[in-house]
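What follows is one structure encoded as structure tokens, with my remarks underneath.
The values are calculated or read from the model by the stated rules, or taken from the named source; none is laboratory data. Source: prediction; values computed, not measured. Cβ coordinates were reconstructed from backbone atoms using ideal geometry, including for glycine residues, and neighbour counts include every protein chain displayed.
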Amino acid sequence: MKLALANVVRSNYTAQILNYLTEAGEDVALIASNKVNFPTVLDEEECFVEVAISVVKKPSDECYQEREDYIRHCAEVAEKKAAKAKEAEEKKAKAEAKKEKKE
């Protein structure tokens, strides 16, 4: 994709995201030609969310592969987290059983 066309695509999507967030009631603003940010508060802590829009010049196969790789990565992380939680639960159950046996 030529740079001029990529700039048009990026500009259009940046405008769409800016409009969407504005209509959603966010105090959103451009901070660069391809970036917007807006403040938010969670648990009385203020922070800013920043959204950057970029157009990549990679073959579509690579882009689809990145999606699949990320899905696989997330599944692996979730699996490890579940195993760790199960292990912690088993350890807790053993400790409680040992405590009851002592009593």
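Identify the residue in region 25-55 that is surrounded by fewer than 11 Cβ atoms within 10 Å (Cβ to Cβ) and among the hydrophobic types (A, V, I, L, M, F, W, C) and, among all such residues, is farthest from ALA15 (Cα to Cα).
For region 25-55, the residue satisfying everything is LEU42.
Would you call LYS92 exposed (fewer than 10 other Cβ atoms within 10 Å of the Cβ), at pLDDT below 95 and not hydrophobic (A, V, I, L, M, F, W, C)?
It is false that LYS92 is exposed (fewer than 10 other Cβ atoms within 10 Å of the Cβ), at pLDDT below 95 and not hydrophobic (A, V, I, L, M, F, W, C).
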